[in-house]
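The values are calculated or read from the model by the stated rules, or taken from the named source; none is laboratory data. No experiment lies behind these values; they were computed from the predicted model shown. All Cβ positions, even for glycine, are placed from backbone atoms using ideal geometry, and neighbour counts span all protein chains on display. These area figures cover heavy atoms from the full protein model, side chains too; ligands, DNA and RNA do not enter into them. Shrake-Rupley method; radii C 1.70, N 1.55, O 1.52, S 1.80 Å.
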Amino acid sequence: MNPAVASGRDFAIDVREEAGGETTVSLSGRISLRNLNSVRAELHSILEPMKPAGLTVDLAGVGYLDSGGSLILLELEQYAEAASIPCRFANVSEETGGMLGLIDRAAVMAPLPPSAKDPEGAIERIGETGLKVFNDFTSTVTFLGDLLVALGSALLNPRSVRWQDFFFYVKRAGLDGLPILALLSFLLGLIIAFMSSLQLKQFGANLYVASLVGFGMVRELGPIMTAVIIAGRSGSAFAAEIGTMMVNEEVDALVTMGFNPTRFLALPKVLAAMVVVPLLTLYSDLFGILGGMVVGVVGFDLTIYTYLAQTVKSISIFDVVSSLIKAVVFAVLIAGIGCQRGFRARGGAEAVGTFTTSAVVAGLFLIIVADSLFAIILYYIR
Amino acid sequence: MQNIGKEPIITVENLTAGYGDNIIFKNVSFRVMKGEILVILGGSGCGKSTLLKHMFGLYRPKAGRVLINGIDAATENPEELDGIRRNIGVLFQSGALFGSMTLMENVSLPLEEYTDLSSEDIGRIVRMKLAMVNLSGFENHLPSELSGGMKKRAGLARAMALDPKVLFFDEPSAGLDPVTSAELDILMKRINAGLGTTMVVVTHELDSIFAIAHRVVMLDRDAKGIIAEGTPQELKESSTDRRVINFFNRIPAAAGAEDQRA
Ligand SMILES: Nc1ncnc2c1ncn2[C@@H]1O[C@H](COP(=O)(O)OP(=O)(O)OP(=O)(O)O)[C@@H](O)[C@H]1O
Ligand SMILES: [Mg+2]
């Protein structure tokens, strides 16, 4: 009976030591990736105490041998070589021989080539980070230049713009984003009105809730709120879309067909954002003021008329216009950085994820920086 | 040829497949023997990839079934599924390597999932496989740093990681130069002969077909099924079917039709 089956396992190892230390190890059954560990452990425990003068590995009983089994045989060979004893395989079947014939022994046992991910010294890392930041900066500036050139040529030659794409993105970024923006702005107006009224009530200055909400929404919160939502909804989408096209070599295809990727892919998105963000900002202002009004009318007995009149009184045309300009600048920053990060994706799916994240983070950062600059500039202009 | 077994490893029984209401082929039946290289032929859009995906259980059939080693490829029993998955390897048309992982990590993945080997052993097995496809020294390369042919070979190394009994190939030589393509054919034959791996291959390349196929099945879009079956020589020399003759002699369908009228 097959010893392998008798022992309840799928392999068996049998050792015979002849006079003069000549040892024969008979392997039988299945030697595979599945039982590699147990075969090795058993071989180890058998061979450890012995000092054979020669090793013959009898493979007559081997029914199945895969790469795991071959690895065992290679290790036996290696063991014999290390102990400088002669080693040979006997009764190698056709299948086993075929398997062994496919294996490049040197490659299997060779040391790994140095990994690109090997840790480096601190100085190298500082240098690399510096280079990365510098490259990041130059590529952003280069892209901005490209984009401005594309915008300029679009002005001179409006027919060169892909208007179909433009309208598609207007709908995607604008119309589809309206419900969430309206809801959030309404709630924001509500909250500001409620919080400020708690303070203003002490002075009996309830009416000024309207001024505060109106002024705050138009000057700061409307544009910021819109920009944040557009960065999350559309900046990320732009980066993922272009990034995937980069990874699939679609952008390379565009270039070889003679298209300018910035003009073809980025321009419609940026133009769409430049139209949509100011409009959405107005909506955001409106819904914020409505939110405030609900608190004013329901909670503080103001009439709708007084509330609106007070709101109108507190906002100047200058505020509205400057907030719209701000919105356009935000739009260029968000859409631009989204596209630029997309164009930098290389490699695979992971890169698309990384640069999409980076698009949102960089977009939010730029919004805040630009907003601070606007605050300073507007202060001096007034 | 010496090692083609007598018993089938894959049995396709009355398979009907389609997308939605669009039936691609109906009542297709054939068998693949152990150790055989079977090539699936046919014009573009006749459903070769669809058939292949049904054969390794990616899609469920509309009717009929596919048995791999006696187990239904569309089974939902997790243990049976595990058994099937361990025993098949698939080389996708584009390689389908994971772009964010090195070759080493790509090939290690199935080994880590399906075996309990130490990382050192896995490393050795991976290098064994990479050496088989002539990619020694590229362990730490990312797929994006490889040429098209190298990606194919790396995909093959990953497909072979677990020493599958059956390998499926979707157009392995598409997009490769004739030399690389011939090298891939030799590699496939060596693996078939050395490991006794059964292979099911979709390809259009006549040269490859004659180099590797033990047997071919030819599908046709209008017939919605198999129109010819046999060794490549048989089909080339003794088929009377116009579509088969056209394929083996590279005659475009329109010209073939004129021929027939004349
Ligand atoms: N995911 C899918 N959804 C709907 N229809 C599909 C899908 N995949 C393929 N088809 C249709 O099924 C038919 C067969 O497609 P399949 O990809 O199997 O062809 P093929 O023989 O592999 O062609 P090729 O040689 O060009 O790769 C085609 O008509 C195709 O339009
Ligand atoms: Mg196909």
Conditions (1) at pLDDT 80 or above; (2) within 16 Å of ligand 1 (Cβ to nearest atom); number of the one not met by residue B:250: (1)
Only one residue in B:134, B:140 is touching a residue at least 12 places away in the same chain (Cβ under 8 Å) and on the phi > 0 side of the Ramachandran plot. Which one? B:134
Among what's in segment B:15-46 and is within 13 Å of ligand 2 (Cβ to nearest atom) and in a strand (DSSP E or B), pick the residue that is nearest to residue B:67 (Cα to Cα). B:40
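Yes or no, residue by residue, for (1) open to solvent by 50 Å² or more (accessible area, probe 1.4 Å); (2) out of contact with any Ser or Thr (no Cβ under 6 Å at 6 or more places or on another chain); (3) modelled with pLDDT under 95:
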site: A:286; (1), (2), (3): yes, yes, yes
site: A:305; (1), (2), (3): yes, yes, yes
site: A:321; (1), (2), (3): yes, yes, yes
site: A:343; (1), (2), (3): no, yes, yes
site: A:350; (1), (2), (3): yes, no, yes
Consider residue B:94 against the criteria (1) away from chain A (no Cβ under 14 Å); (2) modelled with pLDDT under 90; (3) within 16 Å of ligand 1 (Cβ to nearest atom): it satisfies all of them except one. Which criterion is unmet? (1)
Residue tally, condition away from ligand 1 (no atom under 16 Å from the Cβ) and at pLDDT below 85, over segment B:164-177: 1
On the given criteria, is residue B:53 open to solvent by 40 Å² or more (accessible area, probe 1.4 Å), more than 13 Å from ligand 2 (Cβ to nearest atom) and either free of Cβ contacts under 8 Å to residues at least 60 places away in the same chain or out of contact with any Cys (no Cβ under 8 Å at 6 or more places or on another chain) (or both)? no
Please list, ordered by first then second residue, the pairs with beta carbon atoms under 9 Å, 6 or more apart or interchain, first in segment A:15-34 and within 14 Å of another protein chain (Cβ to nearest Cβ), second open to solvent by 50 Å² or more (accessible area, probe 1.4 Å) and of a type in the set (Asp, Glu). A:30/A:10; A:31/A:10; A:32/A:10; A:34/A:10; A:34/B:116
Filter segment B:148-172 down to the residues that are more than 16 Å from ligand 2 (Cβ to nearest atom) and not in a helix (DSSP H, G or I), then identify the one that is nearest to the other protein chains (Cβ to nearest Cβ). B:163
For segment A:152-161, indicate whether the set of residues that are at pLDDT 90 or above and open to solvent by less than 20 Å² (accessible area, probe 1.4 Å) is non-empty. no
Within segment B:22-69, which residues are away from ligand 1 (no atom under 14 Å from the Cβ) and β-branched (Val, Ile, Thr)? B:32, B:37, B:66, B:68
Filter segment B:97-114 down to residues that are buried (at least 20 other Cβ atoms within 10 Å of the Cβ) and either in contact with a Ser or Thr (Cβ under 8 Å, 6 or more places away or on another chain) or hydroxyl-bearing (Ser, Thr, Tyr) (or both) and give me whichever is nearest to the other protein chains (Cβ to nearest Cβ). B:102
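Out of everything in segment B:205-222 that is within 16 Å of ligand 1 (Cβ to nearest atom) and open to solvent by 50 Å² or more (accessible area, probe 1.4 Å), what residue ends up being nearest to the other protein chains (Cβ to nearest Cβ)?
This residue is B:205.
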